[in-house]
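Let me begin by presenting the structure, written as structure tokens, before commenting on it.
The values are calculated or read from the model by the stated rules, or taken from the named source; none is laboratory data. Everything quoted here is computed from the prediction, not taken from an experiment. Backbone-built Cβ (ideal geometry, glycine too); neighbour counts: all protein chains shown. For accessibility, only protein heavy atoms count, side chains too; no ligands or nucleic acids. Shrake-Rupley method; radii C 1.70, N 1.55, O 1.52, S 1.80 Å.
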Amino acid sequence: MSNNIIPLHQGRDHATREREKQLLAVMRERGPLLVSFSGRMESCYTVELCRQAGVTIQAITVDNPTLPRRDVSRAKRYCAHYGIPHLVVQSDEVLYFSTHGREKHDPLNPIEKVLQIRSEHPEWSKWPLLVPGSIDDLALYRHFFGEPPLDSWWLFAEAGMTTRDFCYGFHQHRLGVWGSNEPDCLSLRFSSDEEIDGDRLRMVDLAEQMLKDLGMPDARVFFHTLADRQTLLCRVRLPDSERAMAFDRQHELMSALQMCGFDLVTLDLHRIDDSPELGVL
């Protein structure tokens, strides 16, 4: 086990360590693995355990419009730091990592997408795809797509792990140094499913990147349209530590967001935390 582990709760720490020992043993027996690596909390924890198990892995990131640049960057930094082979595949297809947007749009199957990539690499043809999904994610997957492909391995769901368990392990292994564990699928930034498309997802992501460049790395941008269905509103949410800076630099902020394509900008005066959403990659 890694020495980069911190105690959080004595009773739960012991239970987590025991479960991880079992997971590591099973991984070692299974052999080389493909891992879907979005850079989000669940996949970070999954790749960390694979690394600790010493099993050969190939990380695959499907870089699609719902995935923020910060998550792609985190996945790249992590793999480069530990020397993990990492394939980033650019895709214009919208792959949902949460429930939001799925009901309106005909959702593409994210697991099948990664298995399709595997089919293009004969050297991985016999490697199972380890899915960094919880028992909640498996239930969600079955709701939209039916039973998972036989080549996909839901090890963590089979072990009964919940999203909360992933969150606990993420913090215990100090994976927060690579980025936030918040639910970051960009589809969550839209108030209506009808508003979501690839161009607007990229628009939100670009706006957040520009705010980061202005010194507000934790800014989150939410997309709205007014009653005329044409005027685009950017609602900015900031932590307390960055809100004063936004007021001081409001003209720069407004100019940057208008360059992204927004007509109007509002700033939340009080942050209300969102409920966590489910993800499967």
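Listing for the model above:
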quantity: In the range 231-250, the residues that are surrounded by fewer than 14 Cβ atoms within 10 Å (Cβ to Cβ) and either at pLDDT 90 or above or within 17 Å of residue 189 (Cα to Cα) (or both); calculated: 231, 239
quantity: Filtered residues of the range 213-230 (kept if surrounded by 14 or more Cβ atoms within 10 Å (Cβ to Cβ) and not small (Gly, Ala, Ser)); calculated: 214, 216, 217, 218, 220, 221, 222, 223, 224, 225
quantity: Residue in the range 141-181 that is farthest from the chain's Cα centre (by Cα), counting only those that are among the aromatic types (Phe, Trp, Tyr) and closer than 11 Å to residue 41 by Cα; calculated: 168
quantity: Set 71, 13, 63: member being open to solvent by less than 60 Å² (accessible area, probe 1.4 Å) and over 25 Å from residue 110 (Cα atoms); calculated: 13
quantity: Candidate set: the range 142-161, residues that are acidic (Asp, Glu) and within 17 Å of residue 30 (Cα to Cα); chosen: the one least open to solvent (accessible area, probe 1.4 Å); calculated: 151
quantity: Selection within the range 107-134 - open to solvent by 70 Å² or more (accessible area, probe 1.4 Å) and within 17 Å of residue 157 (Cβ to Cβ); calculated: none
quantity: Listing of helices (runs of 4 or more DSSP H) fully contained in the range 117-214 that carry 3 or more residues being closer than 19 Å to residue 34 by Cβ and in contact with a helix residue (DSSP H, G or I) (Cβ under 9 Å, 6 or more places away or on another chain); calculated: 135-145, 155-158
quantity: Count of the range 1-22 residues which are assigned to a helix (DSSP H, G or I), of a type in the set (S, T, N, Q) and either within 14 Å of residue 174 (Cα to Cα) or modelled with pLDDT of 90 or more (or both); calculated: 1
quantity: Count - residues of the range 28-50 that are over 22 Å from residue 117 (Cα atoms) and touching a helix residue (DSSP H, G or I) at 6+ places or on another chain (Cβ under 9 Å); calculated: 5
quantity: Criterion: over 30 Å from residue 143 (Cα atoms) and modelled with pLDDT of 90 or more - qualifying residue of 218, 263; calculated: 263
